[in-house]
Amino acid sequence: MADADTVLRLAGLRKSYGSGETESQILHGLDLRLARGEFAALIGPSGSGKSTLLNLIGLLDRPSGGQLFIDGCDTGELDDTELTRLRGQRIGFIFQHHNLIPAFSARENVAMPQLVARGRPDAAMFDHADELLAQVGLAERRHYLANRLSGGQQQRVAIARALAMSPSLVLADEPTGNLDTHSAD
């Protein structure tokens, strides 16, 4: 049973690839509970399952067993359309490689999640994008095309984009790798 403060709960989460003699178990029954506002870091050696776990929590892949709840919703009960909707509304992603649309401005990249959710642009979504860009120190670069920004600036745009829908959960894969110490803080 999830309470209102629990944003993520894993119960016996398992993931394996292959089958029979070639089956490789990656995750072996993970249990985890994260409360709203809580911060957790996933640390481990290469090949330990960090990316697999992020892909499962981000609803990009399905577990082999166990349960995964986001905001109390049992994701195992959802079809692909419902998973996509939940992912878009409740999860913000900050990828190691920014995944910005190069021909769009910083502002348009940040507004993209709202545009996808609403189906049409409006002034409020661009105002919100401007606010987020100001928070990451890029107000003056909001009209720059993504491919005209430095790597660190692109990463800050990606961070702002991840926050555009005010998600319950933000997943970050090495989000500060391209940032200087001051910006990372």
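Below is a table of values for the structure above.
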{"quantity": "Residues of the stretch 79-99 that turn out to be part of a loop (DSSP other than H, G, I, E, B) and open to solvent by 30 Å² or more (accessible area, probe 1.4 Å), as a count", "calculated": "5"}
{"quantity": "Qualifying positions in the stretch 1-36 - among the β-branched types (Val, Ile, Thr), over 20 Å from the mean Cα position of the chain (by Cα) and open to solvent by less than 90 Å² (accessible area, probe 1.4 Å)", "calculated": "Ile26"}
{"quantity": "Flag for Leu10 being in contact (Cβ under 8 Å) with a residue 24 or more places away in the chain and assigned to a strand (DSSP E or B)", "calculated": "yes"}
{"quantity": "Criterion: in contact (Cβ under 8 Å) with a residue 40 or more places away in the chain and in contact with a Gly (Cβ under 7 Å, 6 or more places away or on another chain) - qualifying residue of Ile26, Ile91", "calculated": "Ile91"}
{"quantity": "Only listed residue being assigned to a helix (DSSP H, G or I) and in contact with an Asp or Glu (Cβ under 6 Å, 6 or more places away or on another chain), chosen from Asn55, Asn109", "calculated": "Asn55"}
{"quantity": "Residue list for the stretch 66-78, filter: on the phi < 0 side of the Ramachandran plot and not in a loop (DSSP other than H, G, I, E, B)", "calculated": "Gln67, Leu68, Phe69, Ile70, Cys73, Asp74, Thr75, Gly76, Glu77"}
{"quantity": "Residue within the stretch 172-184 that is open to solvent by less than 50 Å² (accessible area, probe 1.4 Å) and at pLDDT 90 or above present", "calculated": "no"}
{"quantity": "Conditions (1) touching a Gly at 6+ places or on another chain (Cβ under 6 Å); (2) more than 30 Å from Ala4 (Cβ to Cβ): number failed by Gly66", "calculated": "(2)"}
{"quantity": "Selected residue (only one of Ala164, Ala129, Ala158 is within 15 Å of the chain's Cα centre (by Cα), surrounded by 13 or more Cβ atoms within 10 Å (Cβ to Cβ) and assigned to a helix (DSSP H, G or I))", "calculated": "Ala158"}
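The values are calculated or read from the model by the stated rules, or taken from the named source; none is laboratory data. All values reported here derive from a predicted model rather than from experimental measurement. So basically every Cβ, Gly included, is an ideal-geometry build from the backbone, and we count neighbours across all protein chains shown. Keep in mind that these areas ignore ligands, DNA and RNA; they rest on the heavy atoms of the full protein, side chains included. Shrake-Rupley method; radii C 1.70, N 1.55, O 1.52, S 1.80 Å.
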